[in-house]
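Worksheet for the structure shown next.
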Amino acid sequence: MKLSLAQYLSPQRRPSTVRAEREGAVLRVELDSPDTGNAVTEAMLDDLLTVLAVPDPDVRVLVLSGAGDDFCLGGDRNEFADWLDDDPTGRGIRIAGDKARRVCEAISGNHAVTIARIQGKAIGAGLALALACDLRVGADTAGFRLPELALGLPTAWGGVLPRLIHEVGAARARELILTGRAFDAFEAHELSVLQRIVPERELDDAVTAWAKPIVRRPEAALRVTKALLNSYAAPTRLADPSVLDAELMATVAAATRRR
């Protein structure tokens, strides 16, 4: 049985930034703004929260993907600049930053197993969304980058920093953030940013190969195992001040704008 986006969104509000479709125990959530490279806007964060904030207990697998050529090119810089023009103290950035943290927590803390399906580029906020997922498969042509420092911003969006350090290690995370260099799918696999790489035409098959056995697992065992994995991973992050991400981003952006 397929359930459409209307199951998650009210008839009076049908956004164009996110598409959601449920088929059986699999929920597919697609960033749907291909003309902008699926750049993350506040509207997209709102749409993601609408879909993710209250998990469906019948969903065993959640697949996050992006429409068009790229998974996600990061935050919308024009919107970012508009927020600072409207309020130089960075209030708009704080509001959106808090929503970004809630979205990533809704993905990582979801009782379903979350799978990121990555093609094209995953940059900045796009990489943060992918890292929030349990499993990540990417096309062999995919590319990744964390450019925030070059833009005069801290790497503080959606809790990306503790997740990156946890997945790739502090030394490698430090190098990727401070240099802001791009890295390809093969290095991403070496770093555990990706667990699997395939030709782009095989991405859907790779997602299905992961999803099919997962949806057959007993619901209680799957839910508890996911909770255990999250619980054991948390102490290895040492500290997770991601609740401060929005404040840090807004404060630095406002200071940079004044200068």
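The values are calculated or read from the model by the stated rules, or taken from the named source; none is laboratory data. No experiment lies behind these values; they were computed from the predicted model shown. Methodologically, a virtual Cβ is constructed for each residue, glycine included, from the backbone with ideal geometry; neighbour enumeration extends over all protein chains shown. In case anyone asks, the SASA skips ligands and DNA or RNA and just uses the protein heavy atoms, side chains included. Shrake-Rupley method; radii C 1.70, N 1.55, O 1.52, S 1.80 Å.
Is it fair to say V193 is under 25 Å from G97 (Cβ atoms), among the aliphatic types (A, V, I, L, M), modelled with pLDDT of 95 or more and surrounded by 18 or more Cβ atoms within 10 Å (Cβ to Cβ)? Here the answer is yes, as V193 does meet what is asked. L127 meets all of the listed conditions (1) touching a Leu at 6+ places or on another chain (Cβ under 8 Å); (2) free of Cβ contacts under 8 Å to residues at least 40 places away in the same chain; (3) not hydroxyl-bearing (S, T, Y) but one, namely (2).
Here E175 clears all of (1) charged (D, E, K, R); (2) open to solvent by 30 Å² or more (accessible area, probe 1.4 Å); (3) under 14 Å from the mean Cα position of the chain (by Cα) except the condition numbered (3). Here I115, I107 are screened, and the one residue that is assigned to a strand (DSSP E or B) and within 27 Å of V137 (Cα to Cα) is I115. The residues listed here are D85, D56; of these, the one that is open to solvent by 60 Å² or more (accessible area, probe 1.4 Å), modelled with pLDDT under 95 and either outside any strand (DSSP E or B) or under 17 Å from A156 (Cα atoms) (or both) is D85. Taken over segment 19-41, the residue count meeting the criterion of being crowded, with 17+ Cβ neighbours inside 10 Å and within 27 Å of A81 (Cα to Cα) is 11. Is it true that I115 is open to solvent by less than 20 Å² (accessible area, probe 1.4 Å) and either closer than 26 Å to W210 by Cα or touching a residue at least 40 places away in the same chain (Cβ under 8 Å) (or both)? Yes, satisfied. None of L45, L49 is under 22 Å from A156 (Cβ atoms), open to solvent by 10 Å² or more (accessible area, probe 1.4 Å), in a helix (DSSP H, G or I) and at pLDDT 95 or above except L49. Scanning segment 152-171 for residues that are under 17 Å from A81 (Cα atoms) and either without any contact (Cβ under 8 Å) to a residue 60 or more places away in the chain or surrounded by fewer than 15 Cβ atoms within 10 Å (Cβ to Cβ) (or both) gives a single hit, G152.
Taking the criterion of being at pLDDT 95 or above, touching an Asp or Glu at 6+ places or on another chain (Cβ under 8 Å) and either part of a loop (DSSP other than H, G, I, E, B) or within 28 Å of I95 (Cβ to Cβ) (or both), the residues of segment 133-176 that qualify are D140, T141, A142, F144. Among the residues of segment 187-203, the ones that are under 16 Å from L131 (Cα atoms), of a type in the set (A, V, I, L, M, F, W, C) and not in a loop (DSSP other than H, G, I, E, B) come to 2 in all. Of the residues in segment 121-130, not one is outside any strand (DSSP E or B) and open to solvent by 10 Å² or more (accessible area, probe 1.4 Å). Within segment 64-81, residues that are open to solvent by less than 30 Å² (accessible area, probe 1.4 Å) reach partners that are of a type in the set (V, I, T) and modelled with pLDDT of 95 or more with beta carbons closer than 6 Å, at six or more positions or on different chains, in the pairs L64/V29; F71/I118; G74/I123. Scanning segment 131-148 for residues that are surrounded by 23 or more Cβ atoms within 10 Å (Cβ to Cβ), touching a Gly at 6+ places or on another chain (Cβ under 8 Å) and of a type in the set (G, A, S) yields A132, A142. For segment 204-224, name all the residues that are out of contact with any strand residue (DSSP E or B) (no Cβ under 8 Å at 6 or more places or on another chain) and part of a helix (DSSP H, G or I). Hits for segment 204-224 are T208, A209, K212, P213, E219, A220, A221, R223, V224.
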